[in-house]
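Values in this text are rule-based calculations from the coordinates and carry no lab data. These figures come from a predicted structure and were not determined experimentally. With ideal geometry, Cβ positions are generated from the backbone for all residues, glycine too; neighbour counts draw on all protein chains shown.
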Ligand SMILES: Nc1ncnc2c1ncn2[C@@H]1O[C@H](COP(=O)(O)OP(=O)(O)OP(=O)(O)O)[C@@H](O)[C@H]1O
Ligand SMILES: [Mg+2]
């Protein structure tokens, strides 16, 4: 069986344009953020990604999430040559295979919890009624059955992150990518959210989770440490 995620010698360089009034002979300066990352993540695995601030964790997660492209190297996602796909094919694969959870929950403030969860389904051809049924089921599953009609402002941080988790699950993705999902939560709420991640992993989903927090990382089966753009 192929890996969920297979990275080979991935690099990422951000290019700074030279200042317009500066000496043009200087040329462009490159910031080498990822310096040859090779990593296999198995289907169904729960992996934590740790490393100091600026080590490249979010950059790597963005590449894995098809939100950005590597500068060089090869990337296979669920058997697809992800690097070789054009932008449209990448979006299709992203919508179908990946769910995202971020530190700032990124919920739509004027939409209810239920409407927020329905959102990623609007790109598909699934009827609205079926999406609402699925969203309600997911909100029940994350313990928010009695909060479906609440707007984000009426929900606690932990509850907002639960809505974001339900939203990430709507399209039944194989892989969940999370960047500091407990970064804004107190330790008790953080443990509740991690229990949910464990649940989601046990239901068969692959999880890649970036965290600063040692206790959070312990929930994962494996921790990979990044330092200065390399795996250590
Ligand atoms: N768009 C960009 N242009 C230039 N440099 C960038 C860009 N995005 C990230 N970087 C640089 O890449 C490095 C790694 O950033 P990244 O956000 O991946 O770190 P991180 O490990 O997620 O850090 P944190 O724990 O603080 O979130 C940083 O030095 C940052 O300045
Ligand atoms: Mg980051």
Worksheet item: Could you give the angle, 0 to 90 degrees to the nearest 10, between helix 157-169's Cα long axis and the longest principal axis of the Cα atoms of the chain?
Response: 80
Item to complete: Classify the range 121-206 as rounded, prolate or oblate from the Cα gyration tensor: take a ≥ b ≥ c as the square roots of its eigenvalues, call it rounded if a/c is under 1.5, otherwise prolate when a/b beats b/c and oblate if not.
Response: oblate
Item to complete: Return 125, 225 ranked ascending by Cβ neighbour count within 10 Å, so the fewest neighbours appear first.
Response: 125, 225
Worksheet item: Using the alpha-carbon atoms, what tilt in degrees (0 to 90, nearest 10) does helix 128-141 show relative to the longest principal axis of the chain?
Response: 90
Fill in: Order of 85, 138 under a 10 Å beta carbon neighbour criterion, fewest first
85, 138
Discussion item. For the chain, set up a GNM with springs between Cα atoms under 10 Å and report which of 55, 203, 190 has the largest fluctuation.
Written reply: 203
Practice prompt. Go ahead and set up a Gaussian network model of the chain, Cα springs under 10 Å, then flag whichever of 143, 157, 30 fluctuates most.
Written response: 30
Worksheet item: Plugging the Kirkwood radius over Cα pairs into Stokes-Einstein for the range 38-116, at a temperature of 10 °C and a viscosity of 1.306 mPa s, what D comes out in µm²/s?
Response: 108
Item to complete: Order these peptides, 215-221, 111-117, by their mean beta-carbon neighbour count within 10 angstrom, highest first.
Response: 111-117, 215-221
Response to the item:
Rounded to the nearest 5, the percent of DSSP beta bridges in the chain running antiparallel is 50
Worksheet entry | GNM top mover of 129, 58, 38 - the chain, alpha-carbon springs below 10 Å | 129
Worksheet item: Angle between the Cα long axis of helix 187-202 and the longest principal axis of the chain, 0 to 90 degrees, nearest 10?
Response: 90
Worksheet entry | Sum of -39500 (n - 2.57) over DSSP H runs of 4+, divided by residues of the chain (222 nm, nearest 500) | -9000 deg cm²/dmol
Worksheet item: Quick one: 14, 150, fewest Cβ neighbours within 10 Å first, how do they rank?
Response: 14, 150
